[in-house]
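K.L.:
Before I ask anything, let me first share the structure, which is written out below as structure tokens.
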Amino acid sequence: MTVSVVLFTSDLRVHDHPPLRAALRSAPEVVPLFVRDPAVDRAGFAAPNRLAFLADCLTDLDAALRERGGRLVVRHGDTVAEVCSVVRETDADEVHLAAGHSAFAHDRERRLRNALEADGRRLYVHDGVGTVVPPGEITPAGSDHFAVFTPYHRRWAQRPLRAPLTAPRGVSVPDSVGSEDIPARTAVRSVAEGLAVGGEREGRRRLGSWLSRRADAYEAAHDDLAQDATSRLSPYLHFGAVSPGEAVYRASARGGTGAEAFVRQLCWRDFHHQVLDARPAASWADYRPRHDRWRQGERADADLRAWKEGRTGYPVVDAAMRQLTHEGWMHNRGRLIAASFLTKTLYIDWREGARHFLDLLVDADVANNQLNWQWVAGTGTDTRPNRVLNPVLQARRYDPDGDYIRRWVPELADLKTPFVHEPWRLTGLERAAGDYPDPIVTLAEGLERFRHARGRE
């Protein structure tokens, strides 16, 4: 065998990349291939923020391969057709691919395997690339997946860690293989003003800097909205520019309570992937139906618009939504508060919120976006499905001085605590000077409506 192909999807890196390593072992020449598939656009995954970040990642991946004597080959079209075309052009016998866990990924893998085998070629699918522990590798007795996080985490944490693979020293690509131009970030319109720079180089820099400088404070500060003490690695993990296995390995080697708390968050990521892998329909169907009759009509539509625009009258909710618009990213505590407000206080279908997040979040993948939304809505794996997060209490606890609110809601920048958390407590004359809306619903009204809808009168 003289040529093998490695198909990159959501694993845009050269470090700790088992498919790339396997392809290099099997043949002296390798085609590193990425296919820009229109089906991704039709499925709603190709939102502007992610397209811009993807362009950064592909540019960086090509640069890393060129440093090693290779290059990235980019094609446009149906993934199966384009892979088969490259295979025929190079007479490659093998294609290597990282396992995916969505219904879309499963279908792509099935079609690709069938097409290659019909032509006498082989597809090798590699686990442990996009997750630390592959879905289905640990299961409870009598089920194909864990539906509760704590017992999953207990088993997950007992798994021995695989040492990360180093980046290859050299990659030789056949000269004859043609490639389209790599898409440029500047060609993407409607990108969030504060969107982070993508790519493996930046992701590894952030991981190293965060582990050395901020990891120790993570357990105590990761929910603090104003401190923003999270790693901000989620976009790089989503695109595979950073290996989740390597992140866990390096954090575990560092040790300490902060690193342990960070590793636990990465376990949540694996947990959701194994749920989706076993129940692909959970991407849009209730994992645990609650027989909700979500609000619809003009009033609900107006409330949904106010939520999207950060004009609900609840400062911490609005701050989170405005951060999303500006950065294409949102603090995790802000995500929980904003999602609870939409689904529990406004009683609007979680799918509306999930769709908006998919439109804007650079890190929005199906497993973590949809299943986190279901967790908050009470239709997912939360063992307390009817819990409601009070946005005022959440703001007092996680933004006690109001700095996060003032940063993202400039209308309230001059208010002192406690009015920054509850601006409706100001007199009419004091409020008239600003341009901040009244609450679109009282918390008591929202809570009563939700309890009645869920049958908890």
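Every number here is computed from the coordinates shown, using simple stated rules; none is lab data. Computed from a predicted structure; not experimentally measured. Using ideal geometry, Cβ is built from the backbone for each residue, glycine included, and neighbour counts are taken over all protein chains shown.
K.L.:
Compute the relative contact order of the range 3-129 as a whole-number percentage, counting only Cα pairs closer than 8 Å that sit 6 or more residues apart in sequence. The partial results should precede the final answer.
P.N.:
On the way: 180 pairs, mean separation 42.3, N = 127.
It rounds to 33 percent for the range 3-129.
K.L.:
Tell me, in nm to one decimal, what length is gained between S172 and R122 on full extension, where the rule is 0.36 nm per residue of separation less the Cα-Cα distance?
P.N.:
Details: separation 50, 0.36 × 50 = 18.00 nm, distance 2.07 nm.
Extra length available between S172 and R122 comes to 15.9 nm.
K.L.:
Here's another thing I want to ask about it. Can you pull the percent of Cα pairs in the range 153-287 with separation above 21 Å?
P.N.:
Working: 5132 of 9045 pairs.
When all Cα pairs of the range 153-287 are counted, 57 percent exceed 21 Å.
K.L.:
Nearest 10 degrees is fine. How inclined is helix 48-67 to the longest principal axis of the chain, computing both from alpha carbons?
P.N.:
30 degrees
K.L.:
If you don't mind, there's one more thing I want to ask. Restricting attention to the alpha-carbon atoms of the chain, what are Rg (one decimal) and Dmax (integer), both in Å?
P.N.:
Radius of gyration, then largest Cα-Cα span, for the chain: 23.3, 80 Å.
K.L.:
Name the residues whose placed amide hydrogens come within less than 5 Å of the amide hydrogen of H126, ignoring near sequence neighbours (fewer than 5 apart) on the same chain.
P.N.:
Long-range HN contacts for H126: L97, A98, A99.
K.L.:
Beta carbons within 10 angstrom, averaged per residue: use that to sort the peptides 359-371, 73-85, 201-213, highest first.
P.N.:
Details: 359-371: 23.2, 73-85: 19.0, 201-213: 16.5.
The packing order, highest mean first, is 359-371, 73-85, 201-213.
K.L.:
Subtract the Cα-Cα distance of R384 and E298 from 0.36 nm times their separation in residues, and report this length gain in nm to one decimal. Please list the in-between numbers first.
P.N.:
Details: separation 86, 0.36 × 86 = 30.96 nm, distance 3.06 nm.
Full extension from R384 to E298 adds 27.9 nm.
K.L.:
By its C-alpha gyration tensor, with a ≥ b ≥ c as the square roots of the eigenvalues, how is the range 3-129 shaped: rounded for a/c under 1.5, else prolate for a/b larger than b/c, else oblate? Spell out each step's value before the answer.
P.N.:
Working: a/c = 1.55, a/b = 1.10, b/c = 1.42.
Cα axes put the range 3-129 in the oblate bin.
K.L.:
Only helical DSSP H runs with n ≥ 4 go in: add -39500 (n - 2.57) per run for the chain, normalise by residue count and round the 222 nm mean residue ellipticity to 500 deg cm²/dmol. It would help to have the intermediate numbers written out before the result.
P.N.:
Working: 20 runs with 209 residues, N = 457.
Per the formula, -13500 deg cm²/dmol.
K.L.:
Next question. If you place +1 on the Cβ of every Lys and Arg and -1 on the Cβ of every Asp and Glu, how big does the dipole about the Cα centre of the range 343-391 come out, in debye to the nearest 20?
P.N.:
260 debye
K.L.:
Taking the Cα centre of the range 298-452 as the origin and placing charges on Cβ (Lys, Arg +1; Asp, Glu -1), which of L324, Q394, G310 is farthest toward the positive end of the dipole?
P.N.:
Q394
K.L.:
For the range 398-407, what does the Karplus curve 6.51 cos²θ - 1.76 cosθ + 1.60, with θ = phi - 60°, yield as ³J(HN,Hα) per residue in whole Hz, taken in order and with x for Gly and Pro?
P.N.:
9, 9, x, 8, x, 5, 5, 4, 4, 5
K.L.:
Highest first, please rank the peptides 39-50, 297-308 by the mean number of other Cβ atoms sitting within 10 Å of their residues. Can you show the working numbers first?
P.N.:
Working: 39-50: 16.8, 297-308: 14.8.
Ranked from most to least packed, the peptides come out as 39-50, 297-308.
K.L.:
Next question, about the same structure. Order of Y347, Y404 from fewest to most other C-beta atoms within 10 Å?
P.N.:
Values: Y347 21, Y404 26.
Listed from fewest to most nearby Cβ atoms, that is Y347, Y404.
K.L.:
Helix 298-309 against the longest principal axis of the chain: what's the angle in degrees, Cα atoms only, rounded to the nearest 10?
P.N.:
70 degrees
K.L.:
Pull up all non-local amide H partners of V6: gap of 5 or more, or a different chain, and H-to-H distance under 5 Å with H placed in the peptide plane.
P.N.:
V31, L33, H96
K.L.:
With θ set to phi - 60°, apply the Karplus curve 6.51 cos²θ - 1.76 cosθ + 1.60 along the range 290-296 and write out the HN-Hα couplings as whole Hz, x wherever there is a Gly or Pro.
P.N.:
10, 6, 5, 10, 4, 4, 9
K.L.:
Output the 0 to 90 degree angle, nearest 10, between the alpha-carbon long axis of helix 200-213 and the longest principal axis computed from the alpha carbons of the chain.
P.N.:
Compared with the principal axis, the helix lies near 50 degrees.
K.L.:
Relative contact order for the range 312-383: what percent, with Cα pairs under 8 Å and sequence separation of 6 or more? Intermediate results must be reported in sequence, preceding the final value.
P.N.:
Numbers: 67 pairs, mean separation 19.2, N = 72.
27 percent.
K.L.:
Based on the mean of other Cβ atoms within 10 Å per residue, sort peptides 243-252, 99-108, 408-417 so the most packed one is first. Before the final figure, lay out each step's value.
P.N.:
Details: 243-252: 21.5, 99-108: 19.7, 408-417: 16.3.
Ranked from most to least packed, the peptides come out as 243-252, 99-108, 408-417.
K.L.:
Which ³J(HN,Hα) values, rounded to whole Hz and listed in residue order, are derived for the range 391-396 from phi using the Karplus coefficients 6.51, -1.76 and 1.60 in 6.51 cos²θ - 1.76 cosθ + 1.60 with θ = phi - 60°, glycine and proline given as x?
P.N.:
Ordered by residue, 3J(HN,Hα) equals x, 5, 5, 5, 5, 4 Hz.
K.L.:
Additional query: Take every Cα pair under 8 Å in the chain that's 6+ residues apart, average their separations, divide by the length, and report that relative contact order as a whole percent. Could you put the intermediate results ahead of the total?
P.N.:
Numbers: 782 pairs, mean separation 80.1, N = 457.
The value is 18 percent.
K.L.:
Under a 5 Å amide H to amide H cut-off, with H placed in plane at 1.01 Å, what residues pair with R36 once short-range neighbours are removed?
P.N.:
Amide H neighbours of R36: R75, H76, G77.
K.L.:
Just grab the label-to-label distance for R159 and R449, each label 7 Å out from Cα along the Cβ direction, in nm (one decimal).
P.N.:
The answer from the label model is 4.2 nm.
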